[in-house]
Amino acid sequence: MKNVRLGIIGMGSMGSSHAKYISDGEVPGCMLSAVFDTDPSKLKKAMEILPQGTRIFNDYAQLLDSGSCDAVLVAAPHYFHPELAIKAFEKGLHVLCEKPAGVYTLQVEKMNEAAGKSGLVFSMMFNQRTNPIYIKARQMVRDGLLGELKRSVWIITDWYRPQSYYDAGTWRATWKGEGGGVLLNQDPHQLDLWQWICGMPESVDAFCYFGKYHDIEVEDDVTAFTQYANGATGVFITTTGEAPGTNRFEISGDNGKLVIEDGKMLFYRLDTPERKFNAEFRGGFGQPGHTVEEIKTDGENPQHKGITRNFINAILFGEPLIAPGTEGINSLTLSNAMLLSSWTGRRVNLPIDAHLYKRLLDERIASSTIVKNKSDAVLDTTGTY
Ligand SMILES: NC(=O)c1ccc[n+]([C@@H]2O[C@H](COP(=O)([O-])OP(=O)(O)OC[C@H]3O[C@@H](n4cnc5c(N)ncnc54)[C@H](O)[C@@H]3O)[C@@H](O)[C@H]2O)c1
């Protein structure tokens with residue numbers, strides 16, 4: 001295969017943005033061959049911007065059967081990700097799936113199973129995994145530079161969204177349409193990076209507040225506490241209702257701490273590991289000395305383009321995936337666990353009770369009273385994700 005013919009599924013904000021850079025030739029070896037959306041107005045708009053020859057479908061089965069695609073990029077609302085991906089695998093197409101992998105883990109397990117059975121390339125659009133700072137942080141943790149991990153804290157409160165954002169999308173911020181709030185829409189990136197760098201916890205306790213700052217039924221403010229197999233703990237704090245917000249990720253280990261904030265990473269490196277100092281120091285009030293070093297990273301941060309290029313290179317040349325699709329379930333497990341802990345008022349041990357989660361989600365969908373009318377607000381999609 002010389003070029004991968006790619007179909008984009010869902011031509012909303014994100015689908016159109018993917019279509020743009022691919023059409024502009026920014027993904028070598030990739031040709032945008034088809035698009036599908038359930039909304040005719042989106043297809044009409046797509047026709048105005050897509051390169052000549054791109055096929056436009058209003059029926060997904062027809063796109064899959066048309067022979068015009070080798071792969072699809074799924075950019076529809078989250079609930080549909082697993083079902084659209086599974087159908088593509090069944091027809092022998094590779095899949096690049098937008099985050100989150102889905103809304104509840106039961107459906108994502110099925111997607112992962114279908115991917116495994118197909119043997120096709122399956123990647124998640126975790127575009128923040130291309131950020132050299134997070135790549136470096138992960139490497140430092142894996143190389144043991146921080147020593148045994150003790151704590152990680154991510155305060156991610158700079159996802160501010162005004163009410164007009166929620167009013168602009170009919171599927172957004174409802175249990176039925178989106179299946180969650182800040183944890184499902186904005187945070188999948190940080191939840192993924194958190195587990196990518198620090199691993200998965202064994203348990204989650206969380207406090208989610210629903211519609212605290214907005215007229216929505218889903219969570220817009222969360223504080224979660226996690227515990228890991230080695231005794232380390234973690235805290236994750238997030239909201240879309242605070243300004244100015246913070247994005248600070250701090251990882252502490254026996255050898256010091258890493259702090260990632262404002263696009264910089266500082267390594268507070270202890271002269272003596274804390275456990276050793278603690279065992280040997282006899283002076284009462286001392287503490288290990290440390291130096292502070294800014295860890296410089298080089299390389300660009302190609303974000304969405306980088307993940308799409310990697311997906312295409314995986315199909316064409318077997319390049320290892322930056323974000324294997326089957327890893328999408330990890331961040332979803334974390335967000336499901338946080339909601340489940342809030343709903344039940346209890347600690348949630350991982351893996352979560354996926355059937356209980358689905359039942360409690362269904363109860364919320366059934367008792368939802370939110371009626372959404374599309375407002376005139378226009379979404380600005382120029383922000384970073
Ligand atoms: N990776 C990122 O940085 C990033 C950023 C924004 C959005 N996203 C993800 O992309 C997905 C879409 O978000 P968006 O902001 O583009 O939403 P959007 O509402 O702008 O677009 C969604 C599009 O999907 C279409 N659609 C609805 N149901 C469909 C179905 N069953 N099959 C095909 N198309 C369908 C809608 O008509 C709409 O055009 C979400 O899952 C979101 O989390 C990812």
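The values are calculated or read from the model by the stated rules, or taken from the named source; none is laboratory data. It should be emphasised that the depicted structure is a prediction, and the values quoted were computed from it without experimental measurement. Backbone-built Cβ (ideal geometry, glycine too); neighbour counts: all protein chains shown.
Restricting 312, 365, 322 to those that are crowded, with 17+ Cβ neighbours inside 10 Å, assigned to a helix (DSSP H, G or I) and touching a residue at least 24 places away in the same chain (Cβ under 8 Å) reduces the list to 312. For segment 245-268, residues that are of a type in the set (Gly, Ala, Ser) and either more than 18 Å from residue 157 (Cα to Cα) or buried (at least 17 other Cβ atoms within 10 Å of the Cβ) (or both) total 3. Filtering 70, 24, 39 for residues that are free of Cβ contacts under 8 Å to residues at least 40 places away in the same chain and over 19 Å from residue 170 (Cβ atoms) leaves a single hit, 24. Checking 224, 229 one by one, the residue that is touching a strand residue (DSSP E or B) at 6+ places or on another chain (Cβ under 6 Å), within 26 Å of residue 351 (Cβ to Cβ), among the hydrophobic types (A, V, I, L, M, F, W, C) and not assigned by TED's automatic domain parsing to the domain that holds residue 98 is 224 and no other. Taking the criterion of being crowded, with 16+ Cβ neighbours inside 10 Å and closer than 17 Å to residue 193 by Cβ, the residues of segment 207-244 that qualify are 222, 224, 226, 228, 232, 234, 236, 237, 238. Contact map, segment 278-305: first residue modelled with pLDDT under 95, second residue of a type in the set (Lys, Arg), Cβ cut-off under 7 Å, separation 6 or more or different chains; pairs are 297/136.
Reported count of residues in segment 68-104, each being more than 10 Å from the ligand (Cβ to nearest atom), buried (at least 24 other Cβ atoms within 10 Å of the Cβ) and in a helix (DSSP H, G or I), is 3. Among residues that are touching a residue at least 40 places away in the same chain (Cβ under 8 Å) and at positive phi, residue 211 is not included. Of all residues in segment 305-357, exactly one satisfies the criterion of being at positive phi and in the same structural domain as residue 180 (by TED's automatic domain parsing), namely 345.
Residue 200 meets all of the listed conditions (1) within 21 Å of residue 340 (Cβ to Cβ); (2) surrounded by 20 or more Cβ atoms within 10 Å (Cβ to Cβ) but one, namely (2). Being touching a strand residue (DSSP E or B) at 6+ places or on another chain (Cβ under 8 Å), charged (D, E, K, R), on the phi < 0 side of the Ramachandran plot and in contact (Cβ under 8 Å) with a residue 40 or more places away in the chain: is that true of residue 176 here? Here the answer is no, as residue 176 does not meet what is asked.
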